[in-house]
1. Here is a list of conditions, (1) at pLDDT 95 or above; (2) in contact with a strand residue (DSSP E or B) (Cβ under 9 Å, 6 or more places away or on another chain), and LEU611 meets all of them except one; can you say which number that is?
2. So which pairs qualify, if the first residue must be in the range 111-128 and open to solvent by 80 Å² or more (accessible area, probe 1.4 Å) and polar (S, T, N, Q), the second must be in a loop (DSSP other than H, G, I, E, B) and modelled with pLDDT of 90 or more, the Cβ gap must be under 7 Å, and the two must be at least 6 apart or on different chains?
3. Based on this model, can you work out whether GLU450 counts as among the charged types (D, E, K, R), part of a helix (DSSP H, G or I), out of contact with any Lys or Arg (no Cβ under 8 Å at 6 or more places or on another chain) and open to solvent by less than 20 Å² (accessible area, probe 1.4 Å)?
4. Can we say SER293 is among the hydroxyl-bearing types (Ser, Thr, Tyr) and within 24 Å of ALA200 (Cβ to Cβ)?
5. When only residues in the range 237-283 that are among the aromatic types (Phe, Trp, Tyr) and part of a helix (DSSP H, G or I) count, which is least open to solvent (accessible area, probe 1.4 Å)?
6. Anything in the range 123-163 that is β-branched (Val, Ile, Thr) and either closer than 26 Å to ARG56 by Cβ or not in a strand (DSSP E or B) (or both)? List them, or say none.
7. Check ARG542 against each of (1) surrounded by fewer than 18 Cβ atoms within 10 Å (Cβ to Cβ); (2) touching a helix residue (DSSP H, G or I) at 6+ places or on another chain (Cβ under 8 Å); (3) modelled with pLDDT of 95 or more and name the one condition it does not meet.
8. With the condition kept exactly as written, say whether any residue in the range 627-645 is part of a helix (DSSP H, G or I), charged (D, E, K, R), under 31 Å from the mean Cα position of the chain (by Cα) and at pLDDT 95 or above.
Amino acid sequence: MKTSHRHLLVAAVSSLGLAACAAQPGIAPVAAAPAATPPAFTGAALPADIPSQLPRNARPIHYDISVTPDAKALSFTGEAAIDLELYESANGIVMNALDLDVVDASLTRADGTGAPIPLIASTDAEAQTVTFIAPVPLDAGTYRLITHYKGIIGTQANGLFALDYPDKVSGAEVRGLFTQFEAPDARRFVPSFDEPSYKATFTLSAIVPQDDLAVSNMPAASETPLAGGLKKVTFATSPKMSSYLLFFATGDFERLAAKSESGAEVGIVSPKGSGEQARFALDSLGPLLTYYSDYFGQPYPLPKLDNVAGPGQSQFFGAMENWGAIFTFERILLDDPTITSEATRQQIYSTQAHEVAHQWFGDLVTMAWWDDLWLNEGFASWMETKASDHFHPDWQPLLDRVDGRERAMGLDAFATTHPVVQKIRTVEDTNQAFDAIAYQKGEAVITMLESYAGEDVWRDGLRTYMAQHKYANTRTDDLWNAVEVAGAKGLTAIAHDFTNQPGIPLLRVGSMTCAGDRTTVALTQGEFSRDRKDGIEAEGRRWQVPVLARAGEGAVARQVIAGGAGTLTLPGCGPVLINAGQAGYYRTLYSPAALAALRGRFASLAPIDQLGLLGDNFALANAGYQPMGAALDLLAATPQGASQKVIGDVAGRYQTLYAMFDDQPAVQKRIAAMAGAVLDPSMRRLGFEPRAGEPALDSVLRSDLLAALGAMGDARVLAEARRRFALLDSNPAALDGPLKSRWLGIVATNATDADWTRLHALAKASKSAVERSTFYTLLGSAKDAALARRALDLALTAEPGETVSASIIGAVAANHPEPAVDFVQANQAAVDRLIDASARARFLAGLAAASHDPAMIARLQGIAADLPADVRKPYDKVIATLTERSVSRPRIKGEIASWLKGK
């Protein structure tokens, strides 16, 4: 799953209406699913060391599911025939179920002997289970359970849900149906063993309108016309997989398709009228399949892979890796030249690369329980970067790992963090496991371990791991064992230190001596923290830290620092750079003299090391390990000719400094002037207008500079934004292009009443789901408090759309956190209906995260006081952040002001 950072099946004879599209698969026999592989617990109950919320006395073998959705009524009926094995005598069979009304159920022996046994269904909403109770004890054996039931079609992305959107041609409101089952929501679609270790095969049928396109994990095996303008689509049987990977969608869709080199057909399924907007994603989908098949040493096992575009959005995720049928929200899948920016195009690519990587890491091989979620998400994040670098090195995606590491450390530096391998015991625990620790820290640790093992050894270990565990479930140590066997001796001990305990190692650079052509560096290891520096050494966490370092222009040396201290011997002499190449997950605190030496040659460092030093030193200064001046001196040393990504990072840092002094205009003016001296040369070089054929990074940087300069009140940028906005009165297409959202964002932030009203009219009139949701969200970004209030009121109406309103509230909170929190508390029930169940617990706390009012801390503590431990976790994290901010912010502002006076 790609969270907001989490294949479709095509009906046989639908007309696509696209001359450029490949023909829809017919109803000729499809490729057979791979032969069933025995589950990890064949012949015995689920192993005791794998957590489960079910009794462990049964497992599914195969599901045969038939559903009939009523999109207008937002309900569906279902029938399921579930082949299962009961390991011991029992009075009933327990499965997961939520919001399902079981009409009837019966049980027969798989061999057909004996009469059907009627079952009574007893549901437990709190436990999210249904118990099928038999009139007499059931013997151990293999059975088929048949049940008829009714369910709900939701309006948020949980279970089977509806998305309403404007038709791309007529603008009329239409409705599509989709499913989202990760983490625990297949139980909203069918009574099931809805846990990752209970793998089974699935055959799905659906009765849908004759003209609709129905899609699922496997291709359509047959299609039968029915009375009343309906048809029954039956899909081929899937390979053995976890229930959360099942997928179904139906609606007025089209499919752009091609044959990949891997042999599988690939397709992009999207709302009718999307046309060539799907081309960019389609052109990358086949090569990704081929690349991953080779890298993992396992061919893609399904006959097709689709990526399905869903209008709307979610507060929980952006895309989902359903096996053979990826689901992605349209804004990060379709390339619409009227609004898609270059940064979004790159996000389209990386999101798809992430989800395709999951077809192996997550789908073919699945974690045994959610404790090891990072095996899915950390590896998919790492592979998306690797694949992006392979196919698009000009985007410099490896540099983005520094930003990802910083996001992870932003959580990991607080006492409220958790290990990469974490304890998951409730549904809410599972929902909250999808965070920067699982994704970005997971990716950072994998990057470090690959560097330690070497690329070839690492890949050989992954190939062995895939071959040994395909169609089964694993734990983290299964991976470490495979890589060690491949040749990475000692890797498991290092990996355990970084995945089984939380926190960030801090390496302090001590004495340095250069003798001859060798430099000796003393290092000591502690732990970096934002909120417990005084007592942190008493906690005694230690890591075996793989360090890459260099002195001057000497070769990079490698060494593991263990036991809390160590000495590096580096070839050559000159300024010492620890974490050269930025593959390590740790912070480095230099002495003032050592940092000054690095600052002196900052312009000659590789861009990734420039980004790493900036990230490290701002974090260390913000946390009080060194004065802010140390970080600001480094920022000021950034050369005007730095790489685009470094300039973009510098722009963001000046923008953050500027915002910190919103109560001191004179200081803001000084910061804006300093920023302009660094950023203006790049802005003049790039200009306001995109150029045909320009480097992709130039296009991204132009947008970043406009955002930063606009936020800092640059008169030229603000005037240009207003000029372009005014052109819309005579030419509705005046802003079309990659900067459309950027220019409108600048206008929206500084909006007058007339501006806001005009933007509102644009939102209502748009025929594009992406454009419409973008415009409505921008209405919430106004700095004017009265306009922010209008946006909040608008969010509770039906106008923006069920999945868009929450983003309006979130946009308001960026500038007005206290009113946003007030509004949500006053309208809690109504707001809850606008949020995915998976994201509901963290929504209110997230709104408060931008607050600088100390009173918010006590307010959140009051809200959290009576919440269950799993639900209050997001509040604890925000409370920790706000508490630390209330202490550090005055110091930070004082140190910045003092530094500015000296310049």
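1. It is condition (2) that LEU611 fails.
2. Cβ pairs passing all conditions: THR123/ALA97.
3. Considered against the rule, which asks whether it is among the charged types (D, E, K, R), part of a helix (DSSP H, G or I), out of contact with any Lys or Arg (no Cβ under 8 Å at 6 or more places or on another chain) and open to solvent by less than 20 Å² (accessible area, probe 1.4 Å), GLU450 comes out as yes.
4. no
5. Among those that are among the aromatic types (Phe, Trp, Tyr) and part of a helix (DSSP H, G or I), it is TYR244.
6. Residues satisfying the conditions are THR123, THR129, VAL130, THR131, ILE133, VAL136, THR142, ILE146, THR147, ILE153, THR155.
7. (3)
8. Yes: one or more hits.
The values are calculated or read from the model by the stated rules, or taken from the named source; none is laboratory data. Quantities reported herein were computed from a predicted structural model and do not represent experimental measurements. Reconstructed Cβ throughout: ideal geometry from the backbone, glycine too, with neighbour counts over all protein chains shown. Heads up: the accessible areas ignore ligands, DNA and RNA and are worked out on the full protein's heavy atoms, side chains in. Shrake-Rupley method; radii C 1.70, N 1.55, O 1.52, S 1.80 Å.
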